[in-house]
Amino acid sequence: MKNKIYIGLLIILVVFQGSFLHVEAAKQIDYKSAEFKAVAQQFACTCGCGQDHYECDPNTCNLTTEFKADLVEMMNKGWDKDKIREYYINIYGEEILTSPEKSGFSLTAWVLPFVVIGAAGIAVFFIIRKWVKKKGTEEDVAEYESPEEEVEGEILSSIIDEERKKYL
Amino acid sequence: MYLFANATIYIGLAIAIYSLLIMTLGISTKNQKFVNSGKGGLIALLVCSSLAMLSLFYLLATSQFQYEYVHDYTSSELPIIYKLTALWAGNAGSLLLWTFFLTLYTFMIALSRKLKGNPMVPYISAILLANAVFFFFILGFVAKPFILLDEIPIEGKGLNPMLQNPGMIIHPVTLYLGYVGLAIPFAFAMAALILKNVDDFWIKMTRRWTIIAWLFLSLGNIFGGQWAYVELGWGGYWAWDPVENASFMPWLTATAFLHSVMIQERKNMLKIWNISLIIVSYALTLFGTFLVRSGVLTSVHAFANSNLGLYFLIFMGVAVIGALYVLMSRYNLLKRSAGEFNSFVSKESSFLINNLLLVGAAFAVFWGTIFPLVSEAVRGTKVTVGLPFFNKVEAPILLSMMFIMAVCPLLAWQKSTVKNLRKNFMIPAILAILAMILMVVLGIQKAWAVIGYGVISLLLITHFLEFYRGVKARRKMTKESPLVALYRLMIRNRRRYGGYIVHLGIAFITMGIIGSQNYDLQTMKTVDLGKSIELKDYRINYDRLDQKKEGINDIVYADVTVFKNGKKLGTYQPEKVFYGNWEQPSSEVAIISSLKEDLYIVLSAWEDDGKATFVVKVNPMMNWLWIGSFMIVIGALFAVWNGKYGNVTPRYTGVRKEVS
């Protein structure tokens, strides 16, 4: 009896598993949703539009229609964006990505700007220090102690200038 | 007509070469007659380029399809305005426009009243003439605008529908005015170096021309962004495309120059740096053109690939090497006048950091733009460096820039003491932190947005304080009413307050960018006729789908009624246009705009049973971008306007030579 129940359950499972999966697969993913954006924005469309697969219009580009469908399929399988990314890199290489990887030689793309700014920042620091030092122990005579005085100074000189123009 | 049009180019080339030679001869032999002859040549050159422009306008307007350019970029049914603007739709025409602006600027400088009798003029003219020779050479032998076809076609290929938009009428014009404009400060810099005379006069003239070029570059980029937003159906305005990068880089370096030149003015320092910035800005305009026209990089701004880029690269090389040679030969002269700083914390230091960040941002853009080429050369893989890269790399740099911009007005020249700092910064800093807390309480949770808006709050407060203090100080002395005091304060120091208005404009643009990048919502839905799409507070009812004919174009449109919180906003018509002479259809989007946000509706697709697919977006704070842009224009114009007070061109006191 027990066996029969098991077999019955098994049959029910076998019969319905397809429809369960079907329900899962049919889950609609909005092509403009944030979750789809996170995945699709990683990949460059190769139709010549210069856009990524999130932006590329499926009405004018067949390539992206299929690509989007594949992405949705993978998302439905439960793959996250990194796994999907790995999958495509294995097939097409890094060329398919919209931005370089953060490893290997491509890391230089990400790091170099900050290294250069950092290095230049240190250089600027030393230059300012040199210039300040050059001033040495001389008495620091600031023309204006604060912005207010500076503004007042400027206004005063402009008024004087104006008056001067009136009479000269 | 064919002979006449081509004659304008080739005679132009001959005149340009003649003028350059005679001008150089005049300079070296100190013969005013020769220089005057060269100046005459400049007028003739402007006549030539104007006639070439008019010829092409005429050919385009009258649809003379026997000409390749007319055939490639227009068709007979095109509205006259777009027939005319097709002049800058292709390579040859846009270079002709460039040449025209170059000759126009050269003419304006060489015969300017203010520069009369100035010995710099022959040098500036000669440098600009060398540019003109290059451009006329390109027009004459590489990208010829007036080529006849073997057979006369009945119809032209038509203009890319994307370019049939008011934004496209003005975007290239302003951008080229900006590009060409940067040749002027370059010429001034070179002339000053050759004459060993980098003084106050040079600063004032160069700055004014740089602001003008900067303004046009800004306008060019803004119009480009605005066009992309309304025309491409993409909902964005900046894609970090190589061409956009090409115009953004000189914009950044020119901005850096406009700030660091103030240190030169006050302290007679950073001369070499400033001249380098001018050279780099100019070189970047040529480099950008090389990138765009050579086809080495994929870009949405599709110009036909040709060897044109190579010529620009060579010309850039020659110009940069020449400029560096002149710079090096005057190195000692420039170095001699190096000054010193009084303190670590001062306006001077903040300008240096500003320069570091601006040039750093330009370098990051440059590096990202050329990285595909570098990667291909190093390891044979041509990677794409797109939007995610630039957004991630540029955001922290530009945000730091905003912070410096916020802090700088409160720092004193020479030296800021700790006491001053505390006094000046305590209140703005507390207010900015309060604003950030308020944002978090009100539901703005994203770190970038909170930090960004916090920095902008600080900027707004410090700039307000600047105006407030100025007015207060003026009133203390003059007892004027606040508005009069504000007005007089501003017109008496146009540069400073113009600059502040520009800062405020940048703050508005940044607010728009942060809002639209972090809080946009989108959906793409297929709905049955009569059904609706809901997004945020909006409900979009899909009422009707129909088709109409406009000229040779077929237009499919949907009537949609938009409700916000149940209140009807109106009926709108997003369209899809199918062109009679163009393969790709385009989307005419419906935009319902408000200060808070834009609702952006695109008709994407439809089926026979009436079902239609719409892309609906809510783009927050888009109008802030356009308002900020407007403020930039106002600020820049205010700064360069020739007022009654100050800002007058100083008298030239440099080296005198016999020719002028």
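Rule-based calculations on the coordinates, nothing more; no lab input. None of the values given here were measured: they were computed from a predicted structure. Every residue, glycine as well, gets a Cβ built from its backbone with ideal geometry; the counts of neighbours run over all protein chains shown.
Values as computed for the structure displayed
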{"item": "For residues of B:362-373, the mean tally of beta carbons on other chains within 10 Å", "result": "3"}
{"item": "Relative packing of peptides B:286-292, A:65-71 - highest average C-beta neighbours within 10 Å first", "result": "B:286-292, A:65-71"}
{"item": "Using θ = phi - 60° and Karplus 6.51 cos²θ - 1.76 cosθ + 1.60, couplings along the stretch B:614-631 (whole Hz; Gly, Pro as x)", "result": "10, 9, 10, 10, 10, 9, x, 6, 5, 5, 5, 4, 6, 5, x, 4, 4, 5"}
{"item": "Separation of the B:MET162 and B:ILE80 label points, Cα + 7 Å toward Cβ, nm", "result": "2.9"}
{"item": "Per-residue mean of C-beta atoms belonging to partner chains within 10 Å, peptide B:421-427", "result": "1"}
{"item": "Ranked B:ARG488, B:ARG379, criterion: other C-beta atoms within 10 Å, fewest first", "result": "B:ARG379, B:ARG488"}
{"item": "Potential lengthening between B:ILE430 and B:SER37 on full extension [0.36 nm per residue; Cα-Cα distance subtracted]", "result": "135.0 nm"}
{"item": "Average other protein chain Cβ within 10 Å of Cβ, residues B:385-394", "result": "5"}
{"item": "Efficiency of FRET between A:LYS102 and A:ASN76 - r from beta-carbon atoms, R0 30 angstrom, step 0.05", "result": "0.60"}
{"item": "Using a Förster distance of 25 Å, the FRET efficiency for B:ASP546-B:LEU595 (Cβ separation, nearest 0.05)", "result": "0.15"}
{"item": "B:MET477/A:CYS47 FRET efficiency (R0 60 Å; Cβ-Cβ; nearest 0.05)", "result": "0.35"}
{"item": "Cα-based equivalent ellipsoid, chain B: semi-axes from gyration tensor eigenvalues, Å", "result": "42, 38, 21"}
{"item": "Rounded to whole Å, sorted largest first: equivalent-ellipsoid semi-axes of the stretch B:63-127, Cα gyration tensor", "result": "37, 11, 7"}
{"item": "For B:ILE147, residues with placed amide H under 5 Å, excluding near neighbours", "result": "B:GLU68, B:TYR69"}
{"item": "Pairwise centroid distance, computed over Cα atoms, of the stretch B:168-220 with the stretch B:550-614, Å", "result": "42"}
{"item": "Vicinal HN-Hα couplings computed from phi for the stretch B:245-258 (Karplus, 6.51 cos²θ - 1.76 cosθ + 1.60; Hz; Gly/Pro x)", "result": "4, 4, 8, 6, 4, x, 4, 5, 6, 5, 4, 4, 4, 4"}
{"item": "Cα-based convex hull volume of the protein assembly as shown per residue, rounded to whole Å³", "result": "223"}
{"item": "Interchain or long-range residues, amide H under 5 Å from B:GLU597's placed H", "result": "B:MET621"}
{"item": "Chain lengthening between B:ASP609 and B:THR561 when straightened (0.36 nm per residue, less Cα-Cα)", "result": "15.3 nm"}
{"item": "Long-range HN-HN contacts of B:THR74 with modeled amide H, under 5 Å", "result": "B:LYS157, B:GLY158"}
{"item": "Computed magnitude of the charge dipole of the protein assembly as shown (debye, nearest 20; Cβ of K, R +1, Cβ of D, E -1)", "result": "3800"}
{"item": "Size of the stretch B:521-622 as Cα extents on the principal axes (Å, biggest first)", "result": "40, 30, 21"}
{"item": "Cα-projected label distance for A:ILE122 with B:VAL484, points at 7 Å along beta-carbon direction, nm", "result": "5.8"}
{"item": "For the stretch B:518-524, Karplus couplings with θ = phi - 60° (6.51, -1.76, 1.60), whole Hz, Gly/Pro x", "result": "9, 10, 6, 10, 9, 8, 10"}
{"item": "Cα centroid separation, the stretch B:503-528 to the stretch B:379-398 (Å)", "result": "21"}
{"item": "Exposure proxy order (Cβ contacts within 10 Å, fewest to most) of B:LYS576, B:LYS144", "result": "B:LYS144, B:LYS576"}
{"item": "Electrostatic dipole magnitude of the stretch B:402-514 [Cβ: Lys, Arg +1; Asp, Glu -1; Cα centre; debye, to 20]", "result": "700"}
{"item": "Value of [θ]222 nm, deg cm²/dmol, for chain B, DSSP H segments ≥ 4, -39500 (n - 2.57) each, nearest 500", "result": "-21500 deg cm²/dmol"}
{"item": "Whole-angstrom gap from the stretch B:404-441 to the stretch B:20-36, using each part's C-alpha centre", "result": "56"}
{"item": "Exposure proxy order (Cβ contacts within 10 Å, fewest to most) of B:LYS531, B:LYS267, A:LYS32", "result": "B:LYS531, B:LYS267, A:LYS32"}
{"item": "Segment B:LYS568-B:TYR519, length gained on full extension (0.36 nm per residue, minus Cα span)", "result": "15.3 nm"}
